[in-house]
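The values are calculated or read from the model by the stated rules, or taken from the named source; none is laboratory data. A quick note: this is a predicted structure, and the numbers were derived from the prediction, not measured. Note: ideal-geometry Cβ built from the backbone for every residue, glycine included; neighbour counts use all protein chains shown. Ligands, DNA and RNA are stripped out before the accessible areas are found, and what is left, the full protein with its side chains, is counted by its heavy atoms. Shrake-Rupley method; radii C 1.70, N 1.55, O 1.52, S 1.80 Å.
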Amino acid sequence: MLQGVSVLDLSTVGPGSRCSAALRDLGASVTKVLAPEGKQIEPPFFAYGAGRGMRSVRLDLKSDEGLREFLQLAASADVVVESYRPGVAERLGIGYRAVEDVNALIVYASLSGYGQDGPYSQWAGHDINYLAVGGYLGTQGRRADDGPAIPGATIADGAGGGLHAALAICAALFHRERTGRGSYLDVSTTEGVLHLMALFVDEYLATGRETAPGSSLLTGKYACYDVYECADGKWLSVGAIEPAFFKNLCRELGHEELAEHQMDDARQGEIREAFAAAFATKPRDEWVAELAPANTCVAPVLSIAEVALDPQLQARGAFVEATHPEHGTFGQVGPVLAGSPR
């Protein structure tokens, strides 16, 4: 869908690289602009699709020659992605105005943790920090010391920053087709997290009710939306929100008497105990085979190794092979975004 769109990516890791990988999977031609070897952190060989389908150039942007070469590349590009701390690109002479001078149609995306202005704009940070400020960590399950649990995925980098930027870039490209004008995009990863958290934040702003761990349906208050350990020590996720699905689940577990008490706060301990005892009688995959076809909203909690072998993902062609000059051929998550070629 983005065939013919050329992207210059000045990032090496984090939201910027997530963004360019998404654009690449949608068909864009991506060139990574890297510093001379040893001058910046570079990701492991397998990260971000192992550079699959991308080309790279090494430029010393602090030199006159490197700056000139970059602006020559930018003059014919459609998109520039950068994720320096706010102000750095301008000091290097590769900011939006400098690129706009050589390419008035450029779509220029500046990705940062907190945005290009505001009191936090110069803070250094990573995924966990943006999740913290955006409200995500505050609603997570708790550790033994009552601190927020550490998420098992870089949600801010991937969704709050990377996919946020990719969506904005696609909109800006469409806008350019209609108006003949380029765009500057100030992509705040924290504001992307805020967008993800809007369901809870909007509730607070409208009603004063604050969502916390265990305070609402989606944060673990009710037994119908939880995870349960099975006989083999593996876990099963349950998301039987709708009464019909909850009734099916109660019937399959031999506890039809609990179906009418789904949202009864006083009965949640009882329901959890009954469910936990039932799930402990069989291995996880036996429960999946029995319950998943029965409209109960259950699914297995898979390890990463199990994800790589999952039959649904395999059937959808979610994995591909990549080749590295030193590390040979290995598997990778393929172009799984809707609209990507498979």
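In the context of the full protein assembly, Asp146 retains an accessible surface of approximately 100 Å², using a probe radius of 1.4 Å and ignoring ligands and nucleic acids.
Let me know the shape class of region 55-169, please: from the alpha-carbon gyration tensor, a ≥ b ≥ c as square roots of the eigenvalues, rounded when a/c is under 1.5, otherwise prolate if a/b is greater than b/c, or oblate. Mind showing how you got there, number by number?
On the way: a/c = 2.70, a/b = 2.46, b/c = 1.10.
Since a/c reaches 1.5 and a/b is larger than b/c, the shape of region 55-169 is classed as prolate.
The alpha-carbon of Lys39 sits under 28 angstrom from the alpha-carbons of these lysines, leaving out residues fewer than 8 places away in its chain: Lys62. For Lys247, a cut-off of 22 angstrom between C-alpha atoms picks up these lysines, skipping any fewer than 8 places away in its own chain: Lys221, Lys282. Take every DSSP beta bridge whose two residues both sit in the chain; close to 40 percent of them are antiparallel.
Figure note: His126, His327 ranked by solvent-accessible area, largest first, 1.4 Å probe, ligands and nucleic acids not counted: His126, His327. Can you bin region 128-222 into rounded, prolate or oblate? Criterion: square roots of the alpha carbon gyration tensor eigenvalues sorted a ≥ b ≥ c, rounded for a/c under 1.5, prolate for a/b above b/c, oblate for the rest. Here region 128-222 falls in the prolate category. Mean residue ellipticity, 222 nm, helices only, the chain: the sum of -39500 (n - 2.57) across DSSP H runs of n ≥ 4, divided by residue count and rounded to 500, is -10000 deg cm²/dmol. In the context of the full set of protein chains, residues of the chain present 53 Å² of accessible surface per residue (probe radius 1.4 Å, heavy atoms only).
In region 1-93, which GluC sites (Glu not before Pro) are in a loop and have at most 11 other Cβ atoms within 10 Å, using DSSP for the loop call? Numbers along the way, then the final one.
Working: sites: Glu37, Glu65, Glu69, Glu82, Glu90; in loops: Glu37.
Answer by residue number: Glu37.
Close amide-amide hydrogen proximity is noted between Asp9 and Thr31, Lys32, Val33, Val81, each under 5 Å apart and 5 or more residues distant or on a separate chain (H modeled in the peptide plane; Pro and chain starts excluded).
Any idea what diffusion coefficient region 1-53 gets from Stokes-Einstein, in µm²/s, Kirkwood Rh on alpha carbon pairs, 25 °C, 0.890 mPa s? Diffusion coefficient, whole number: 215 µm²/s. A Gaussian network model of the chain, with springs between Cα atoms under 10 Å, assigns the largest mean-square fluctuation among Asn295, Asn103, Asn129 to Asn295.
Both numbers refer to the Cα atoms of the chain; Rg and Dmax are 23.8, 77 Å.
The accessible area of Ile128, taken with all protein chains in place and a 1.4 Å probe, comes to roughly 70 Å².
For region 139-217, trypsin sites (Lys or Arg not before Pro) meeting the loop criterion (DSSP other than H, G, I, E, B) and having at most 12 other Cβ atoms within 10 Å: Arg143, Arg181, Arg209. When you have a sec, figure out the Kirkwood radius of region 54-108 from all distinct Cα pair distances and drop it here in Å to one decimal? After inverting the pairwise mean of 1/r, the radius is 11.4 Å.
When the P(r) is computed for region 186-282, the part past 21 Å accounts for 44% of the Cα-Cα pairs. Rolling a 1.4 Å probe across all protein chains gives Phe245 an accessible area of roughly 60 Å². Pairwise inverse Cα distances across region 1-94, averaged and inverted, put the Kirkwood hydrodynamic radius at 13.5 Å.
Relative to one another, the C-alpha centroids of region 92-164 and region 199-238 are positioned 25 Å apart. Here the accessible area is traced with a 1.4 Å probe on the protein chains. For the chain, carbon and sulfur cover 55 percent of it.
When only alpha carbons are used to place a centre, region 250-284 and region 174-198 end up 45 Å from one another.
If Ser121, Ser237, Ser76 are ordered by their accessible area, calculated over protein heavy atoms with a 1.4 Å probe, which sequence runs from highest to lowest?
On the way: Ser121 15, Ser237 35, Ser76 90 Å².
I get Ser76, Ser237, Ser121, largest accessible area first.
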